[in-house]
Amino acid sequence: MASPAITSSAFLLFFLLFFSFFLFLFSADETENAAELVSREFFPMEGDLAWVVQVSDLHLSAYHPERAEELAGLLGSAIRVIRPDLLLVTGDITDAKNKKRTSTRQDELEWIQYRNTMDALVKQSGLERRRIFDIRGNHDKYGVPYVGSALDFFSIHSVSSQFNRLGTIQSVSLVLPLYPYLWIWDLESLLKP
């Protein structure tokens, strides 16, 4: 009869080999899809100064539609005056709360409000739509089991989705005749609910 130490060692060895095999399969799959994980954008730039506007925590709500209207007016006017090279909308785009604010859930109406707000902003400001980058925050992931699920309205209504920028790494270069500005951000932690 085998000793318990040998049996435990054999089990541990079997487990490690089994785990390593699945780890290999998982990492090989990620390597094959690496091109899908990275989004690269290049924008020509005039002058020698880059203007980037960042807005955050919009919390557009199905229960407060006036927020979307006010945002379109205020931000559209500001963008028209500033004329930035990039507009970054960083997180908590939607509120994703029920009316009493006691529970969280995704509401497609909030995402439609956001899409319509960005349409109005582009029209009012003259900003080229592809120069808008939106990044989801924790409110934009509430109740989303995985990226691409039926409740992942960011992947349907965001500006980034319109340009297939749904990878985990975004790279943006503002290109001057002599040298580029380069921004890179890693969205992996933001995209995994």
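The values are calculated or read from the model by the stated rules, or taken from the named source; none is laboratory data. Given the structure is predicted, the values throughout are model-derived calculations rather than measurements. With ideal geometry, Cβ positions are generated from the backbone for all residues, glycine too; neighbour counts draw on all protein chains shown.
What single numbered condition from (1) closer than 30 Å to Gly47 by Cβ; (2) touching a residue at least 60 places away in the same chain (Cβ under 8 Å) fails to hold for Phe154?
Only one criterion is unmet by Phe154, namely (1).
So if I check each of Leu25, Leu49, Leu60, which one is within 27 Å of Gln170 (Cα to Cα), at pLDDT 90 or above and either within 19 Å of the chain's Cα centre (by Cα) or not basic (Lys, Arg) (or both)?
None of the others qualify; the one that does is Leu60.
So that you can scan it fast, the table gives a plain yes or no per residue for (1) among the polar types (S, T, N, Q); (2) surrounded by fewer than 19 Cβ atoms within 10 Å (Cβ to Cβ):
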site: Ser103; (1), (2): yes, yes
site: Asp107; (1), (2): no, no
site: Arg130; (1), (2): no, yes
site: His139; (1), (2): no, no
site: Ser155; (1), (2): yes, yes
site: Gln162; (1), (2): yes, yes
site: Leu174; (1), (2): no, no
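Let me confirm something: among Pro44, Pro4, which residue is under 23 Å from Glu128 (Cβ atoms) and at pLDDT 55 or above?
The match here is Pro44.
Take the stretch 109-128 and flag every residue that is crowded, with 18+ Cβ neighbours inside 10 Å and either more than 16 Å from the chain's Cα centre (by Cα) or among the acidic types (Asp, Glu) (or both).
Within the stretch 109-128, Glu110, Gln113, Thr117, Leu121, Val122, Ser125, Leu127 meet the criteria.
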